[in-house]
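Accompanying notes for the structure given below.
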Amino acid sequence: MAAPREAAERRPFGRRFLTDPARLFQHNAWDNVEWSEEQEASARSKVEENSSQLLPPEKQEEYEVNAKRYWDDFYKIHENGFFKDRHWLFTEFPELAPNRNPGQNGNSVREFRNKEEANHEGLGSCENGHCSLETRAENEFNLMKSTAEMCTEELATQQCGELKERDRDYPGSSASYRILEVGCGAGNTVFPILQTNNDPGLFVYCCDFSTTAVDLVQTNAEYDSSRCFVFVHDLCNDQSPFPMPDQSLDVVILIFVLSAILPEKMQCIVDRLSRLLKPGGMILLRDYGRYDLAQLRFKKGQCLSDNFYVRGDGTRVYFFTQDELDDLFTRAGLQKIQNLVDRRLQVNRGKQVTMHRVWIQCKYRKPAAPQR
């Protein structure tokens, strides 16, 4: 599926809401804004009102069947001028940045071999959270050697078969650190990663529901087929193959994309993505939270089901709670690393209009394989 639009460029967490009106319009935004009980009650009332009239089933089916066309039309209209490059990603998700703290994200190979509850220490000869190519190659060799030794008669079919699958030739098969972005749009996440992360072992996959979006990425001057592979993929079709095998990815990125999917299909999609992760690999998510301004602005007749709406251009959006996302990821066998709400106040200084945004940010990790 394609990634829905973001209303503004993300800024790092940290600044607080200023109550002084004289200072209010000198700034653009404040993070971690506290909501009053009255504000929450008002938001709940608006949602109850705009969801009191649901679209008829036949109309809902039309939006599902024609979802690809709506996203293709969106990207044909906006091309690559709608989104801003998401350089905030490296603040919120240091797993993607070359200079991240090694204690924040250990190498997946190390996590595969260590206990699940091991502390997140540096990797010895690894710098900035990434091992050198030589160190990684040695780790991979030792991992494969030790795993091969465990391939007894009763385990041979399963474990050795998985090794053979991982070793086959596919795009990025020789890489030591693999990232997949789902719902890449015009590439506003992928290209900042490629520009910022100069790890020679990095390979980035990116996919989108929209053929038009994939074409925009592939024809971008920054696209480098030696470090990146873009492809069309329908997440809702469980027969649609991925170019990489299971247990081959270190990171899967979901930025404002899960919310565009029919809620009944979300669990199956998260399950599929979790299977692509190496033990110790992570899913990184940022998406719309319940009572975000975008939800409150919908009118009657645009609601498809609880907290799920259709926009005027035919694209759809869901608004999550923390518990809903936690349930999706834990049912897929992933462990919570982070699940937080960012209540953000944005100010249009020209119009002197305030906008309350609500986003949820998550990190969930695939458990490391137990020691034998």
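The values are calculated or read from the model by the stated rules, or taken from the named source; none is laboratory data. Everything numeric here is computed off the predicted structure, so don't read it as measured data. Cβ: placed from backbone, ideal geometry, glycine included. Neighbour counts: every protein chain shown. For the accessible areas, the whole protein counts, side chains as well, though only heavy atoms, and no ligand, DNA or RNA atoms are used. Shrake-Rupley method; radii C 1.70, N 1.55, O 1.52, S 1.80 Å.
Residues are listed down the side, and each one gets a yes or a no for (1) open to solvent by 50 Å² or more (accessible area, probe 1.4 Å); (2) small (Gly, Ala, Ser); (3) modelled with pLDDT of 50 or more; (4) outside any helix (DSSP H, G or I):
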{"site": "7", "(1), (2), (3), (4)": "yes, yes, no, yes"}
{"site": "10", "(1), (2), (3), (4)": "no, no, no, yes"}
{"site": "13", "(1), (2), (3), (4)": "yes, no, no, yes"}
{"site": "16", "(1), (2), (3), (4)": "yes, no, no, yes"}
{"site": "19", "(1), (2), (3), (4)": "yes, no, no, yes"}
{"site": "43", "(1), (2), (3), (4)": "no, yes, yes, no"}
{"site": "46", "(1), (2), (3), (4)": "yes, no, yes, no"}
{"site": "59", "(1), (2), (3), (4)": "yes, no, yes, no"}
- Message: Looking only at the range 249-302, how many residues end up being within 20 Å of residue 178 (Cα to Cα) and of a type outside the set (Gly, Ala, Ser)?
- Response: 23
- Query: Does residue 254 satisfy the condition of being open to solvent by 10 Å² or more (accessible area, probe 1.4 Å) and touching a residue at least 60 places away in the same chain (Cβ under 8 Å)?
  - Reply: no
- For the range 215-253, the count of residues that are more than 23 Å from residue 169 (Cα to Cα) and β-branched (Val, Ile, Thr) equals 3
- Message: Just the residues that are of a type in the set (A, V, I, L, M, F, W, C) and in contact with an Asp or Glu (Cβ under 6 Å, 6 or more places away or on another chain), please, taken from the range 325-359.
- Response: 332, 358, 359
- Query: What are the pairs, 6+ residues apart or on separate chains, where a residue within the range 297-315 that is of a type outside the set (Val, Ile, Thr) and open to solvent by 20 Å² or more (accessible area, probe 1.4 Å) has its Cβ under 6 Å from a residue that is in a loop (DSSP other than H, G, I, E, B) and at pLDDT below 90?
  - Reply: 300/53; 301/53
- Among the residues of the range 58-73, write down those that are out of contact with any strand residue (DSSP E or B) (no Cβ under 9 Å at 6 or more places or on another chain) and either of a type in the set (S, T, N, Q) or within 15 Å of residue 306 (Cβ to Cβ) (or both). 66
- Message: Given the criterion outside any strand (DSSP E or B), in contact (Cβ under 8 Å) with a residue 24 or more places away in the chain, surrounded by 19 or more Cβ atoms within 10 Å (Cβ to Cβ) and not aromatic (Phe, Trp, Tyr), identify the matching residue among 285, 328.
- Response: 328
- Selection from the range 288-310 of residues of a type in the set (Gly, Ala, Ser) and part of a helix (DSSP H, G or I) yields 294
- Message: Restricting to the range 341-368, count the residues that are open to solvent by 30 Å² or more (accessible area, probe 1.4 Å), outside any strand (DSSP E or B) and in contact (Cβ under 8 Å) with a residue 24 or more places away in the chain.
- Response: 4
- Query: When you look at residue 338, is it over 19 Å from residue 319 (Cβ atoms) and either open to solvent by 50 Å² or more (accessible area, probe 1.4 Å) or at pLDDT below 90 (or both), yes or no?
  - Reply: no
- Item | residue 33 being modelled with pLDDT of 85 or more, closer than 23 Å to residue 321 by Cβ, over 20 Å from the mean Cα position of the chain (by Cα) and surrounded by 17 or more Cβ atoms within 10 Å (Cβ to Cβ) | no
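What about residue 2, is it exposed (fewer than 14 other Cβ atoms within 10 Å of the Cβ), modelled with pLDDT under 50, among the aliphatic types (A, V, I, L, M) and under 30 Å from residue 220 (Cα atoms)?
So residue 2 fails the test.
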- Message: Would you confirm whether or not the range 201-222 contains a residue that is at positive phi and out of contact with any Ser or Thr (no Cβ under 6 Å at 6 or more places or on another chain)?
- Response: no
